[in-house]
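Taking it in order: structure first as structure tokens, then the write-up.
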Amino acid sequence: MDKPPIEEKTREEVEAERKAKRAAKQERKKAALEKQKIDGLENQKKLNEPSTESAIAVDPVKVPKPKADVPKTAQKKQSTQKIETTKKIINIKNNKNKENIVKNAEEVKPTVKTGNLVNLVKKSTGPVTHKVKLFNHLYIDSISLLTENKLKINSGKVHPSFIKLGVQMRTSVVAGSNARCLAFLYALKQTISDFVTPEHKNFARSFEEHIGPAIDHLMACRPFSVSMNNAHKSIMWHVKRLPHNISDGHIHMAGKAICIAAQNKIAKGDVILTYGYSSLIERILTSAHSNNKQFSVIVVDSAPWYEGRQLLHRLVRNNIQCTYVLLSATSFIMTKATKVLLGAHALLANGYVMGRAGSSQIALVAKHFNVPVLVCCETYKFTERVQTDSIVFNELGNENDVMPKEQWLNNRYLTPLGLRYDVTTSDLITAVVTEIAILPCTSVPVVLRVRPN
């Protein structure tokens, strides 16, 4: 006889059967793990607490011994009562133990298996920590730093001007790269003017020891910008080369503002687009307007800090025609712009520009619409650092500025993140305007090589 033909299963049916088998296997594994977890908890509980037999031995029910003249029926009744009361005590203790096991099962998890026993580690029941794992290296232990700062301030090692600057930097009263650098130089000037060289000691070494706690205090309040690092290195380089017999009265430090001739690139009828707030961009635009140049400005701004409002207020106060839009409208407003002027936090050795978060998006949209992008940056912001992304080095803003604290503090699955800077590639930048000249981004290594320390 011919065998009946075997029905061939379709590919979908085979995959469905495989999925069903895998799901059943996972369920069996899960059930086995749960059973093993409960068994381990019970074994651990038995090791930590006395057994029921010892409980009976420790807390026996005291029943008076039957007298000789008591009949056997009474003895039986007493023995049965004794057994029933003992069972009740055991049941009560077992119920308490089960409740404790259920409570502990919610708080512990198995980690290492040793035979039938399981070593248990309690979960942390502390407050929820909100950190993005990708940016773990950027978070700072603010509690320990604040305690260290209090100790330094109370010890009198930090000059009052640095204490004031630290508060201003932490609360973003002094926020821009130029503003922070100038404020740092002013605080350093005040510290030097009040510093008295100890007897029989070198000024350079004693001043370096004196300024160390103040620098640590500022770094704890907010990380240094590239301009502040370069200014500090340059000042200390010159201080170390001072003559050993110099007196305190010969030291005079003053900062001069750099006036850049970028206004020469502004033609009549230009529409200048800028992003955020930059003190250098403000100086260029107000100077060009004072020279009777006819132009208008588009100020692009973004959350959470809305720094462009400050620039808008100052330009309108100088009777400059302005338009204010948010970053989401960049592609729409870029069609009306003729030039883009951007500030910079730093100019890296590979030609990339580090600026306020959102600057790279402005440059990318301008490149698409063939609008030239000019970055205005002083040479003291040039750095030997090489960076191709915004992850390796950056600065985190306050989470409460991104979102109200009540919305994310107790939510384990929500972590606000506010990056202050981003990195713009050199192919999106037309030129960099400096006090030396208008240079391409690739000229950074040359400037660093010829720049004095």
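The values are calculated or read from the model by the stated rules, or taken from the named source; none is laboratory data. Model, not experiment: these values are computed from the prediction. Here Cβ is always computed from backbone atoms with ideal geometry, including for glycine, and neighbour counts include all displayed protein chains. Each accessible area value is taken on the protein alone, full model and side chains, heavy atoms only, with ligands, DNA and RNA left out. Shrake-Rupley method; radii C 1.70, N 1.55, O 1.52, S 1.80 Å.
In the range 374-393, is there at least one residue being among the aromatic types (F, W, Y) and free of Cβ contacts under 8 Å to residues at least 12 places away in the same chain? Yes, the conditions are met somewhere in the range 374-393.
Among the residues that make up the range 416-424, is at least one of them in a strand (DSSP E or B), at pLDDT 95 or above, open to solvent by less than 10 Å² (accessible area, probe 1.4 Å) and of a type outside the set (D, E)? Yes, that holds for at least one residue. Pairs meeting the criteria (first residue in the range 165-180 and touching a residue at least 60 places away in the same chain (Cβ under 8 Å) and within 18 Å of G276 (Cα to Cα), second residue of a type in the set (D, E, K, R) and open to solvent by 40 Å² or more (accessible area, probe 1.4 Å), beta carbons under 9 Å, at least 6 apart or on different chains) are S172/D401; A175/E307; G176/E307.
In the range 272-286, the qualifying residues are those that are open to solvent by less than 30 Å² (accessible area, probe 1.4 Å) and farther than 17 Å from G176 by Cα, and the one that is nearest to the chain's Cα centre (by Cα) is L273. If you check V444 against the conditions, is it surrounded by fewer than 16 Cβ atoms within 10 Å (Cβ to Cβ) and more than 23 Å from T330 (Cβ to Cβ)? Taking the combined requirement at face value, the residue does not satisfy it. For the range 14-59, filtered to residues that are at pLDDT 75 or above and among the polar types (S, T, N, Q), the residue that is least open to solvent (accessible area, probe 1.4 Å) is Q36. Candidates S177, S172: the one that is under 30 Å from Q310 (Cβ atoms), under 28 Å from the mean Cα position of the chain (by Cα) and buried (at least 18 other Cβ atoms within 10 Å of the Cβ) is S177.
In the condition set (1) over 25 Å from I272 (Cβ atoms); (2) of a type in the set (S, T, N, Q); (3) loosely packed, with under 14 Cβ neighbours inside 10 Å, N350 is compliant with all but (3). For L326, the requirement of being open to solvent by less than 20 Å² (accessible area, probe 1.4 Å) and either in contact (Cβ under 8 Å) with a residue 24 or more places away in the chain or farther than 25 Å from G397 by Cβ (or both) is not met.
One residue alone among E384, E435 is open to solvent by 40 Å² or more (accessible area, probe 1.4 Å), among the charged types (D, E, K, R) and under 20 Å from S279 (Cβ atoms), and that residue is E435.
Looking at the range 310-333, which of its residues are touching a strand residue (DSSP E or B) at 6+ places or on another chain (Cβ under 7 Å) and polar (S, T, N, Q)?
Once the filter is applied, which keeps residues that are touching a strand residue (DSSP E or B) at 6+ places or on another chain (Cβ under 7 Å) and polar (S, T, N, Q), the range 310-333 yields Q321, T323, T330.
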